[in-house]
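Notes follow once the structure below has been shown.
The values are calculated or read from the model by the stated rules, or taken from the named source; none is laboratory data. Here the structure is a predicted model, which means the values were calculated and not measured. For neighbour counting, all protein chains shown are included, and Cβ atoms are generated from backbone atoms with ideal geometry for every residue, glycine included. Accessible surface is based on the protein model in full, side chains and every heavy atom, while ligands, DNA and RNA are left aside. Shrake-Rupley method; radii C 1.70, N 1.55, O 1.52, S 1.80 Å.
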Amino acid sequence: EMCRTRCGKIRLSRTSTPSAHCTMDAIVQFCRNALCTLKNFNILSDTFLYDPNVTARYYKFPPPLDQTTPLEVLISVTQFYAFVSVTLAGYRLFKKDGMDKLQLISRLVNARAKSSKDKDEKKKKENTDEDDKIKKSSETVAHRLVAESLLNEGDVATHAFFVGVDVFFIGISFFWLFANSYHVTATDWIGGVQALINALTVAEIGLIFLLYFMFKDAVKMVRKSFKMKEFASNISGTKSTDTIQNITVEQYSWLVDGWTPFWASGSSGKKEDIDAEAKMLTKEEESVAHQLAKAMKKVDADTAERIRAQSKVSLFEGYREYLYFIINFFAFYGYAVSILVYYFQDEKSQPEYIRALFLWLPNDHADWLGNALGDFMWTLEPIIILGSPLIAGSIAKQSLPKEKSD
(Lines give C-alpha, C1' and ligand atoms only; values in the text may rest on other atoms or scores of the structure.)
Protein backbone atom coordinates (compact mmCIF):
# COMPACT_ATOMS: atom_id res chain seq x y z
CA GLU A 1 0.00 0.00 0.00
CA MET A 2 1.08 3.57 -0.66
CA CYS A 3 1.93 5.40 2.52
CA ARG A 4 0.16 8.65 3.29
CA THR A 5 1.92 12.01 3.53
CA ARG A 6 4.08 11.94 6.64
CA CYS A 7 4.40 15.12 8.66
CA GLY A 8 7.21 14.79 11.17
CA LYS A 9 9.20 17.09 13.36
CA ILE A 10 12.12 16.90 15.70
CA ARG A 11 12.49 18.29 19.16
CA LEU A 12 15.71 20.29 19.26
CA SER A 13 15.72 22.33 22.40
CA ARG A 14 13.37 23.49 25.08
CA THR A 15 14.37 26.06 27.62
CA SER A 16 12.36 28.08 30.11
CA THR A 17 13.09 31.14 27.97
CA PRO A 18 13.19 29.96 24.36
CA SER A 19 14.96 32.06 21.74
CA ALA A 20 13.13 33.62 18.80
CA HIS A 21 14.50 30.86 16.56
CA CYS A 22 13.21 28.09 18.84
CA THR A 23 9.85 29.87 19.10
CA MET A 24 9.62 30.04 15.32
CA ASP A 25 10.47 26.34 15.07
CA ALA A 26 7.68 25.50 17.53
CA ILE A 27 5.14 27.64 15.66
CA VAL A 28 6.01 26.07 12.30
CA GLN A 29 5.97 22.62 13.90
CA PHE A 30 2.45 23.28 15.23
CA CYS A 31 1.25 24.49 11.83
CA ARG A 32 2.79 21.50 10.04
CA ASN A 33 1.26 18.85 12.24
CA ALA A 34 -2.04 20.66 12.67
CA LEU A 35 -2.39 20.77 8.88
CA CYS A 36 -1.53 17.08 8.72
CA THR A 37 -4.17 16.36 11.36
CA LEU A 38 -6.73 18.25 9.26
CA LYS A 39 -5.83 16.03 6.31
CA ASN A 40 -5.93 12.82 8.35
CA PHE A 41 -9.46 13.51 9.58
CA ASN A 42 -10.67 15.14 6.34
CA ILE A 43 -11.60 18.30 8.22
CA LEU A 44 -12.85 21.05 5.84
CA SER A 45 -12.92 18.41 3.09
CA ASP A 46 -15.57 20.35 1.15
CA THR A 47 -13.35 23.42 0.76
CA PHE A 48 -10.75 24.47 -1.81
CA LEU A 49 -7.98 23.00 0.40
CA TYR A 50 -8.64 19.54 -1.07
CA ASP A 51 -9.12 20.60 -4.71
CA PRO A 52 -6.05 20.01 -6.94
CA ASN A 53 -7.67 22.18 -9.64
CA VAL A 54 -7.09 25.20 -7.43
CA THR A 55 -3.35 24.44 -7.40
CA ALA A 56 -3.42 24.01 -11.19
CA ARG A 57 -4.64 27.60 -11.61
CA TYR A 58 -1.27 28.84 -10.35
CA TYR A 59 1.10 26.17 -11.68
CA LYS A 60 0.72 23.27 -14.10
CA PHE A 61 2.46 20.24 -12.61
CA PRO A 62 3.09 17.11 -14.71
CA PRO A 63 1.32 13.90 -13.65
CA PRO A 64 1.20 12.65 -10.90
CA LEU A 65 2.26 15.94 -9.30
CA ASP A 66 -0.89 17.54 -10.72
CA GLN A 67 -2.85 15.83 -7.92
CA THR A 68 -1.26 18.14 -5.34
CA THR A 69 -3.90 20.01 -3.34
CA PRO A 70 -3.54 23.47 -1.74
CA LEU A 71 -3.46 21.76 1.68
CA GLU A 72 -0.50 19.63 0.58
CA VAL A 73 1.25 22.76 -0.72
CA LEU A 74 0.85 24.39 2.71
CA ILE A 75 2.17 21.25 4.39
CA SER A 76 5.13 21.13 1.98
CA VAL A 77 6.18 24.68 2.91
CA THR A 78 6.43 23.75 6.59
CA GLN A 79 8.23 20.50 5.73
CA PHE A 80 10.80 22.36 3.63
CA TYR A 81 11.32 24.75 6.55
CA ALA A 82 11.99 21.71 8.76
CA PHE A 83 14.37 20.26 6.16
CA VAL A 84 16.45 23.44 6.18
CA SER A 85 16.22 24.40 9.87
CA VAL A 86 16.69 20.92 11.36
CA THR A 87 19.58 20.05 9.03
CA LEU A 88 21.34 23.34 9.82
CA ALA A 89 20.69 22.89 13.54
CA GLY A 90 22.25 19.44 13.39
CA TYR A 91 25.28 20.79 11.53
CA ARG A 92 25.73 23.59 14.08
CA LEU A 93 25.48 21.10 16.92
CA PHE A 94 28.18 18.71 15.71
CA LYS A 95 30.42 21.44 14.24
CA LYS A 96 30.24 24.53 16.50
CA ASP A 97 28.97 22.97 19.75
CA GLY A 98 30.82 19.72 19.15
CA MET A 99 34.13 19.74 17.28
CA ASP A 100 34.96 23.45 17.64
CA LYS A 101 34.14 23.44 21.34
CA LEU A 102 36.28 20.35 21.96
CA GLN A 103 39.20 22.13 20.28
CA LEU A 104 38.59 25.16 22.51
CA ILE A 105 38.53 23.01 25.67
CA SER A 106 41.77 21.34 24.59
CA ARG A 107 43.49 24.73 24.12
CA LEU A 108 42.23 25.98 27.49
CA VAL A 109 43.38 22.84 29.33
CA ASN A 110 46.87 23.27 27.85
CA ALA A 111 46.92 27.00 28.68
CA ARG A 112 45.77 26.26 32.21
CA ALA A 113 48.49 23.67 32.74
CA LYS A 114 51.12 26.23 31.75
CA SER A 115 49.54 28.87 34.00
CA SER A 116 49.53 26.51 36.98
CA LYS A 117 53.28 25.89 36.62
CA ASP A 118 53.94 29.65 36.57
CA LYS A 119 51.84 30.13 39.72
CA ASP A 120 53.72 27.39 41.57
CA GLU A 121 57.01 29.10 40.84
CA LYS A 122 55.74 32.43 42.21
CA LYS A 123 54.05 30.92 45.28
CA LYS A 124 54.64 32.92 48.46
CA LYS A 125 54.54 32.03 52.12
CA GLU A 126 51.11 31.51 53.64
CA ASN A 127 49.71 34.49 55.57
CA THR A 128 47.85 34.00 58.84
CA ASP A 129 45.50 36.98 58.26
CA GLU A 130 41.83 35.88 58.21
CA ASP A 131 41.04 37.74 54.97
CA ASP A 132 44.07 36.19 53.30
CA LYS A 133 42.93 32.75 54.43
CA ILE A 134 39.52 33.34 52.86
CA LYS A 135 41.15 34.65 49.69
CA LYS A 136 43.48 31.67 49.46
CA SER A 137 40.64 29.24 50.10
CA SER A 138 38.41 30.91 47.49
CA GLU A 139 41.22 30.81 44.93
CA THR A 140 41.76 27.09 45.58
CA VAL A 141 38.07 26.33 45.17
CA ALA A 142 37.86 28.56 42.07
CA HIS A 143 40.82 26.71 40.54
CA ARG A 144 39.04 23.40 41.11
CA LEU A 145 35.69 24.66 39.78
CA VAL A 146 37.23 25.93 36.54
CA ALA A 147 38.95 22.57 36.03
CA GLU A 148 35.70 20.69 36.66
CA SER A 149 33.79 23.05 34.37
CA LEU A 150 36.25 22.44 31.55
CA LEU A 151 35.84 18.68 31.94
CA ASN A 152 32.05 18.99 32.12
CA GLU A 153 31.90 21.14 29.01
CA GLY A 154 34.13 18.65 27.23
CA ASP A 155 31.51 15.99 27.96
CA VAL A 156 28.77 18.37 26.79
CA ALA A 157 30.65 18.98 23.53
CA THR A 158 31.04 15.24 22.93
CA HIS A 159 27.34 14.78 23.59
CA ALA A 160 26.51 17.66 21.22
CA PHE A 161 28.59 16.08 18.46
CA PHE A 162 26.68 12.79 18.51
CA VAL A 163 23.29 14.45 18.93
CA GLY A 164 24.17 16.84 16.10
CA VAL A 165 24.93 13.97 13.72
CA ASP A 166 21.65 12.35 14.76
CA VAL A 167 19.64 15.55 14.19
CA PHE A 168 21.43 16.25 10.88
CA PHE A 169 20.23 12.99 9.34
CA ILE A 170 16.73 13.51 10.72
CA GLY A 171 16.71 16.90 9.00
CA ILE A 172 17.78 15.33 5.70
CA SER A 173 14.84 12.91 5.89
CA PHE A 174 12.43 15.84 5.71
CA PHE A 175 13.36 16.32 2.04
CA TRP A 176 11.51 13.10 1.15
CA LEU A 177 8.54 14.19 3.24
CA PHE A 178 8.53 17.48 1.36
CA ALA A 179 8.72 15.66 -1.98
CA ASN A 180 5.96 13.27 -0.93
CA SER A 181 3.57 16.18 -0.43
CA TYR A 182 3.90 16.84 -4.19
CA HIS A 183 3.46 13.10 -4.97
CA VAL A 184 7.03 12.94 -6.26
CA THR A 185 7.51 9.63 -4.43
CA ALA A 186 4.87 8.12 -6.71
CA THR A 187 7.56 8.36 -9.43
CA ASP A 188 11.09 6.93 -9.47
CA TRP A 189 12.78 10.36 -9.61
CA ILE A 190 14.22 10.23 -6.08
CA GLY A 191 13.79 6.54 -5.29
CA GLY A 192 10.02 6.27 -5.08
CA VAL A 193 8.11 4.98 -2.06
CA GLN A 194 11.05 2.82 -0.92
CA ALA A 195 13.21 5.93 -0.55
CA LEU A 196 10.44 7.60 1.45
CA ILE A 197 10.24 4.59 3.77
CA ASN A 198 14.02 4.61 4.15
CA ALA A 199 13.93 8.30 5.08
CA LEU A 200 11.19 7.66 7.63
CA THR A 201 13.20 4.77 9.07
CA VAL A 202 16.26 7.01 9.49
CA ALA A 203 14.10 9.56 11.34
CA GLU A 204 12.64 6.85 13.58
CA ILE A 205 16.09 5.48 14.46
CA GLY A 206 17.21 9.03 15.28
CA LEU A 207 14.17 9.50 17.48
CA ILE A 208 15.10 6.41 19.53
CA PHE A 209 18.28 8.16 20.69
CA LEU A 210 16.41 11.39 21.37
CA LEU A 211 13.81 9.52 23.44
CA TYR A 212 16.65 8.18 25.57
CA PHE A 213 17.99 11.71 26.14
CA MET A 214 14.48 13.02 26.91
CA PHE A 215 14.11 10.45 29.68
CA LYS A 216 17.58 11.23 31.05
CA ASP A 217 16.76 14.96 31.05
CA ALA A 218 13.55 14.31 32.98
CA VAL A 219 15.33 12.27 35.67
CA LYS A 220 18.11 14.85 35.89
CA MET A 221 15.74 17.82 36.29
CA VAL A 222 13.72 16.14 39.06
CA ARG A 223 16.90 15.17 40.94
CA LYS A 224 18.23 18.69 40.47
CA SER A 225 15.16 20.10 42.20
CA PHE A 226 15.80 18.10 45.38
CA LYS A 227 19.53 18.90 45.28
CA MET A 228 18.75 22.62 45.04
CA LYS A 229 16.52 22.46 48.12
CA GLU A 230 19.25 20.70 50.10
CA PHE A 231 21.89 23.18 48.94
CA ALA A 232 19.68 26.15 49.90
CA SER A 233 19.30 24.72 53.40
CA ASN A 234 23.04 24.14 53.75
CA ILE A 235 24.15 27.64 52.72
CA SER A 236 21.64 29.25 55.07
CA GLY A 237 22.63 27.07 58.03
CA THR A 238 25.68 26.49 60.18
CA LYS A 239 27.36 24.38 57.46
CA SER A 240 27.57 27.29 54.99
CA THR A 241 31.39 27.59 55.04
CA ASP A 242 31.95 23.86 54.53
CA THR A 243 29.31 23.86 51.78
CA ILE A 244 31.07 26.67 49.88
CA GLN A 245 34.48 25.03 50.21
CA ASN A 246 33.10 21.77 48.78
CA ILE A 247 30.83 23.41 46.23
CA THR A 248 30.34 21.81 42.80
CA VAL A 249 30.10 23.54 39.43
CA GLU A 250 26.34 23.04 39.37
CA GLN A 251 25.94 24.41 42.90
CA TYR A 252 28.11 27.44 42.12
CA SER A 253 25.82 28.20 39.17
CA TRP A 254 22.85 28.15 41.55
CA LEU A 255 24.71 30.35 44.03
CA VAL A 256 25.45 33.14 41.53
CA ASP A 257 22.12 32.69 39.68
CA GLY A 258 23.67 31.22 36.56
CA TRP A 259 27.30 30.76 35.57
CA THR A 260 28.08 30.61 31.88
CA PRO A 261 31.85 30.80 31.33
CA PHE A 262 32.96 31.77 27.86
CA TRP A 263 34.03 28.21 27.01
CA ALA A 264 30.46 27.01 27.52
CA SER A 265 29.42 29.03 24.46
CA GLY A 266 32.16 27.66 22.22
CA SER A 267 34.69 29.56 20.15
CA SER A 268 34.24 32.00 17.30
CA GLY A 269 37.40 30.58 15.70
CA LYS A 270 38.82 34.06 15.07
CA LYS A 271 42.55 34.44 15.62
CA GLU A 272 42.20 37.41 17.97
CA ASP A 273 39.73 35.47 20.14
CA ILE A 274 42.01 32.41 20.25
CA ASP A 275 44.97 34.59 21.27
CA ALA A 276 42.95 36.12 24.12
CA GLU A 277 41.67 32.81 25.51
CA ALA A 278 44.41 32.35 28.12
CA LYS A 279 43.82 35.83 29.58
CA MET A 280 40.05 35.30 29.53
CA LEU A 281 40.52 32.02 31.39
CA THR A 282 42.55 33.76 34.11
CA LYS A 283 39.97 36.53 34.46
CA GLU A 284 37.17 33.99 34.70
CA GLU A 285 38.95 32.14 37.50
CA GLU A 286 39.59 35.42 39.34
CA SER A 287 35.91 36.33 39.02
CA VAL A 288 34.84 32.97 40.45
CA ALA A 289 37.31 33.36 43.32
CA HIS A 290 35.88 36.83 44.09
CA GLN A 291 32.30 35.49 44.20
CA LEU A 292 33.34 32.59 46.43
CA ALA A 293 35.20 34.88 48.83
CA LYS A 294 32.02 36.93 49.33
CA ALA A 295 29.98 33.76 49.84
CA MET A 296 32.46 32.41 52.41
CA LYS A 297 31.94 35.53 54.54
CA LYS A 298 28.15 35.56 54.25
CA VAL A 299 25.37 34.21 52.05
CA ASP A 300 22.29 36.41 51.91
CA ALA A 301 19.01 34.85 52.98
CA ASP A 302 17.56 36.08 49.69
CA THR A 303 19.96 33.80 47.82
CA ALA A 304 18.70 30.71 49.63
CA GLU A 305 15.08 31.76 48.99
CA ARG A 306 15.81 32.29 45.29
CA ILE A 307 17.37 28.81 44.98
CA ARG A 308 14.35 27.27 46.70
CA ALA A 309 12.05 29.05 44.25
CA GLN A 310 14.17 27.87 41.32
CA SER A 311 14.03 24.29 42.64
CA LYS A 312 10.26 24.33 42.15
CA VAL A 313 10.74 25.49 38.56
CA SER A 314 13.25 22.66 38.04
CA LEU A 315 10.72 20.15 39.39
CA PHE A 316 8.11 21.47 36.96
CA GLU A 317 10.61 21.21 34.09
CA GLY A 318 11.41 17.63 35.08
CA TYR A 319 7.75 16.61 35.00
CA ARG A 320 7.39 18.47 31.71
CA GLU A 321 10.25 16.43 30.27
CA TYR A 322 8.43 13.25 31.29
CA LEU A 323 5.38 14.56 29.42
CA TYR A 324 7.55 15.25 26.35
CA PHE A 325 8.86 11.71 26.58
CA ILE A 326 5.35 10.25 26.67
CA ILE A 327 4.17 12.40 23.76
CA ASN A 328 7.19 11.51 21.63
CA PHE A 329 6.96 7.83 22.55
CA PHE A 330 3.40 7.65 21.19
CA ALA A 331 4.48 9.61 18.11
CA PHE A 332 7.35 7.18 17.60
CA TYR A 333 4.98 4.23 17.94
CA GLY A 334 2.48 5.73 15.48
CA TYR A 335 5.00 6.41 12.74
CA ALA A 336 6.71 3.05 13.34
CA VAL A 337 3.39 1.29 12.66
CA SER A 338 3.07 3.13 9.34
CA ILE A 339 6.56 1.94 8.34
CA LEU A 340 5.87 -1.65 9.39
CA VAL A 341 2.66 -1.69 7.32
CA TYR A 342 4.82 -1.14 4.24
CA TYR A 343 7.05 -4.12 5.03
CA PHE A 344 4.20 -6.44 6.13
CA GLN A 345 1.65 -5.84 3.41
CA ASP A 346 0.34 -9.41 3.38
CA GLU A 347 -1.98 -9.50 6.38
CA LYS A 348 -2.35 -13.29 6.31
CA SER A 349 1.38 -13.94 6.75
CA GLN A 350 2.03 -11.32 9.44
CA PRO A 351 3.66 -12.61 12.67
CA GLU A 352 1.50 -12.39 15.75
CA TYR A 353 3.69 -9.69 17.35
CA ILE A 354 3.18 -7.50 14.27
CA ARG A 355 -0.58 -8.03 14.48
CA ALA A 356 -0.38 -7.01 18.14
CA LEU A 357 1.55 -3.84 17.23
CA PHE A 358 -1.19 -3.09 14.70
CA LEU A 359 -3.79 -3.65 17.46
CA TRP A 360 -5.18 -6.44 15.26
CA LEU A 361 -6.46 -3.83 12.80
CA PRO A 362 -6.40 -4.19 9.00
CA ASN A 363 -3.32 -2.65 7.39
CA ASP A 364 -5.07 0.42 6.01
CA HIS A 365 -6.68 1.16 9.40
CA ALA A 366 -3.40 0.61 11.28
CA ASP A 367 -1.55 2.84 8.81
CA TRP A 368 -4.11 5.64 9.18
CA LEU A 369 -4.26 5.35 12.98
CA GLY A 370 -0.48 5.31 13.37
CA ASN A 371 0.00 8.34 11.14
CA ALA A 372 -2.87 10.23 12.80
CA LEU A 373 -1.52 9.44 16.28
CA GLY A 374 1.97 10.70 15.40
CA ASP A 375 0.68 13.92 13.83
CA PHE A 376 -1.68 14.62 16.75
CA MET A 377 1.02 14.03 19.38
CA TRP A 378 3.36 16.41 17.59
CA THR A 379 0.58 18.97 17.33
CA LEU A 380 0.23 18.95 21.12
CA GLU A 381 3.95 19.24 21.84
CA PRO A 382 4.59 22.76 20.44
CA ILE A 383 1.65 24.07 22.48
CA ILE A 384 3.45 22.83 25.61
CA ILE A 385 6.78 24.21 24.38
CA LEU A 386 5.30 27.68 23.84
CA GLY A 387 3.19 27.68 27.00
CA SER A 388 5.61 26.21 29.54
CA PRO A 389 7.74 29.39 29.97
CA LEU A 390 4.64 31.21 31.19
CA ILE A 391 3.90 28.44 33.70
CA ALA A 392 7.54 28.29 34.85
CA GLY A 393 7.58 32.06 35.34
CA SER A 394 4.37 31.91 37.35
CA ILE A 395 5.75 29.13 39.57
CA ALA A 396 8.95 31.10 40.21
CA LYS A 397 7.00 34.24 41.10
CA GLN A 398 4.62 32.44 43.45
CA SER A 399 7.51 30.60 45.15
CA LEU A 400 9.21 33.81 46.26
CA PRO A 401 8.18 35.55 49.49
CA LYS A 402 5.22 37.88 48.95
CA GLU A 403 7.22 41.01 49.62
CA LYS A 404 9.72 39.93 46.93
CA SER A 405 7.15 39.18 44.24
CA ASP A 406 5.23 42.48 44.58
Handout entry: Average projection area in nm² (convex hull over Cα atoms of the chain, one quarter of hull surface)
Key = 26.7
Fill in the blank from the handout: Per the charge dipole of region 264-406 (beta-carbon charges, Lys/Arg positive, Asp/Glu negative, Cα centre), the residue among I384, I395, Y319 reaching farthest to the positive end is I395
Practice task
Kindly report, to the nearest 10 Å², the accessible surface of F213 as traced by a 1.4 Å probe over protein heavy atoms only.
Solution key: 50
Handout entry: Gain in span if fully extended, N198 to D51, counting 0.36 nm per residue against the direct Cα distance
Key = 50.0 nm
Practice task
With runs of 4+ DSSP H residues as the only contributors, calculate the mean residue ellipticity of the chain at 222 nm using -39,500 (n - 2.57) per run, divided by the residue total and rounded to the nearest 500.
Solution key: -25500 deg cm²/dmol
Problem - Rounded to the nearest 10 Å², the accessible area of Y212 at probe 1.4 Å - result: 130
Practice task
Over 21 Å between C-alpha atoms is what I'm after, so list which of K114/K294; K133/K227; K101/K279 land there.
Solution key: K114/K294; K133/K227
Fill in the blank from the handout: To the nearest 20 debye, the chain has a Cα-centred charge dipole, built from +1 on Lys and Arg Cβ and -1 on Asp and Glu Cβ, of 1100
Completion exercise
Nearest 10, in degrees from 0 to 90: the angle of helix 130-181 to the longest Cα principal axis of the chain is 10
Exercise for the section: Might you work out the accessible area of W189 for me, using a 1.4 Å probe with all protein chains in place, and round it to the nearest 10 Å²? Expected result: 150
Fill in the blank from the handout: So the angle from the long Cα axis of helix 20-40 to the longest Cα principal axis of the chain, reported in degrees to the nearest 10, equals 30
Practice task
Using a 1.4 angstrom probe, figure out how much accessible area the chain has per residue, in square angstrom, rounded to the nearest whole.
Solution key: 54
Completion exercise
Of S149, S115, S137, the most mobile residue in a GNM of the chain (C-alpha springs, cutoff 10 Å) is S115
Practice task
Could you look at the chain and say what percent of its accessible area is carbon and sulfur, using a 1.4 Å probe and all protein chains?
Solution key: 61
Problem - Set of aspartates and glutamates near K397 by C-alpha distance (under 18 Å), chain-local residues within fewer than 8 positions excluded - result: D257, D302, E305, E317, D406
Completion exercise
If every Lys and Arg gets +1 and every Asp and Glu gets -1 at its Cβ, then about the Cα centre region 291-335 yields a dipole, in debye to the nearest 20, of 260
Exercise for the section: Answer with one residue from W368, C31, I244: the one whose Cα lies farthest towards the positive end of the charge dipole of the chain, charges on Cβ with Lys, Arg +1 and Asp, Glu -1. Expected result: I244
Completion exercise
Rounded to one decimal in nm, the spacing of the 7 Å Cα→Cβ label points at H159 and F330 is 2.7
Practice task
Using Cα pairs closer than 8 Å and at least 6 residues apart in sequence, work out the relative contact order for the chain, in percent.
Solution key: 26
